[in-house]
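Enquirer: Just passing along the structure, written as structure tokens.
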Amino acid sequence: MGDPTDAATSSVPTDSHCRWRGYIFAYDLAIVAALLLAGYFYLHAGYSFAAPTGDEDVSNIDIAIRAMWFGAMGGIVISLKGVYDHCCAHGDWDDCFNLWHVGRPVSGALTGLITLVLLLAINPKGTPSEPVVYAIAFIFGTQERRFFNFLSEVAALVVRVPNEDQQVALKGIDIQPAEGKASAVVLITGTGFAKGATVTIGPNKLGNVVVAKDGRAIVGTVPSGSGEAEVTIINPNGDRAVLANKFTYET
């Protein structure tokens, strides 16, 4: 059997762990100082890519540089929080995250730059609001999960195929009420209903047809007829679907 003291001593922090925690803390403070110094010289030494039309003009290149600065600062803030949360005295400092801490200002800066690119992709004709860009860059610099969620949402907007919703397979599910007289209002549910779709009950078309924007419902008035009749939905492209249940005319 092993020494019962092994379990107790395994959680005791080593000198190496404590040293690395101190190195990371010093590294973060040095990066903060470097960022503050760079920001000071950038703002006061006249380095700017502003258009020559006015002293207050700010180009997208300037906004990108500042967004990277805020993103890098956000990365350092979350790194410092990690140093604080994982105190060496408690034995939960993990050297495996040392590289993560070192890379935080770089990944944060890239996040700030990509944030601006994504905002321009969403609204290419508009001028991004500087406070909004900087705030988002800082927040995303501290939280990778929110950034990648945002990236996913923007990607869905940018690469979405026009009329994508109409590519859903046409399918009729139900008609309610399933019994009624001519001129009664009925609701047909299903998927893939396109704008301009027609519905027939037997040989006659449903009147006053309205197709829901999500393509999942059609409302209209029952045409004249008798007995039981099949309900057929026909999209403008020729696709058609027949409901499993029929509509029954009341006598």
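Enquirer: Which one is most open to solvent (accessible area, probe 1.4 Å), of the residues in the stretch 221-236 that are farther than 17 Å from GLY190 by Cβ and of a type in the set (Val, Ile, Thr)?
Expert: THR221
Enquirer: Oh, and also: If you check every pair at least six apart or on different chains, which have Cβ atoms under 6 Å apart with a residue in the stretch 17-36 that is open to solvent by 50 Å² or more (accessible area, probe 1.4 Å) first and a residue that is not charged (D, E, K, R) second?
Expert: Here the result reads HIS17/CYS88; HIS17/TRP93; CYS18/CYS88; TRP20/ASN98; ARG21/CYS88; ARG21/TRP93; PHE25/VAL83, each pair linking the stretch 17-36 to a residue that is not charged (D, E, K, R).
Enquirer: Let me ask something else about it. Given the options ALA155, ALA169, ALA217, name the one that is at pLDDT 90 or above and either over 30 Å from GLY75 (Cβ atoms) or out of contact with any His (no Cβ under 6 Å at 6 or more places or on another chain) (or both).
Expert: ALA217
Enquirer: Which residues, counting only those in the stretch 203-229, are of a type outside the set (A, V, I, L, M) and in contact with a Phe, Trp or Tyr (Cβ under 8 Å, 6 or more places away or on another chain)?
Expert: GLY215, ARG216, GLY225, SER226, GLY227, GLU228
Enquirer: Let me ask something additional. Look through ALA50, ALA72, ALA67 and report the one residue that is in a loop (DSSP other than H, G, I, E, B), open to solvent by less than 50 Å² (accessible area, probe 1.4 Å) and either at pLDDT below 75 or closer than 24 Å to ALA135 by Cα (or both).
Expert: ALA50
Enquirer: Taking into account only those residues within the stretch 207-220 that are open to solvent by less than 40 Å² (accessible area, probe 1.4 Å) and under 40 Å from the mean Cα position of the chain (by Cα), which is nearest to VAL168 (Cα to Cα)?
Expert: Looking at residues that are open to solvent by less than 40 Å² (accessible area, probe 1.4 Å) and under 40 Å from the mean Cα position of the chain (by Cα), I get GLY215.
Enquirer: Can you tell me which residues in the stretch 175-206 are free of Cβ contacts under 8 Å to residues at least 24 places away in the same chain and open to solvent by less than 20 Å² (accessible area, probe 1.4 Å)?
Expert: Selection gives LEU206 alone.
The values are calculated or read from the model by the stated rules, or taken from the named source; none is laboratory data. Please read all numbers here as calculations on a predicted model, not as lab measurements. FYI the Cβ positions are ideal-geometry reconstructions off the backbone, even for glycines, and counts take in every protein chain you see. Accessible surface is based on the protein model in full, side chains and every heavy atom, while ligands, DNA and RNA are left aside. Shrake-Rupley method; radii C 1.70, N 1.55, O 1.52, S 1.80 Å.
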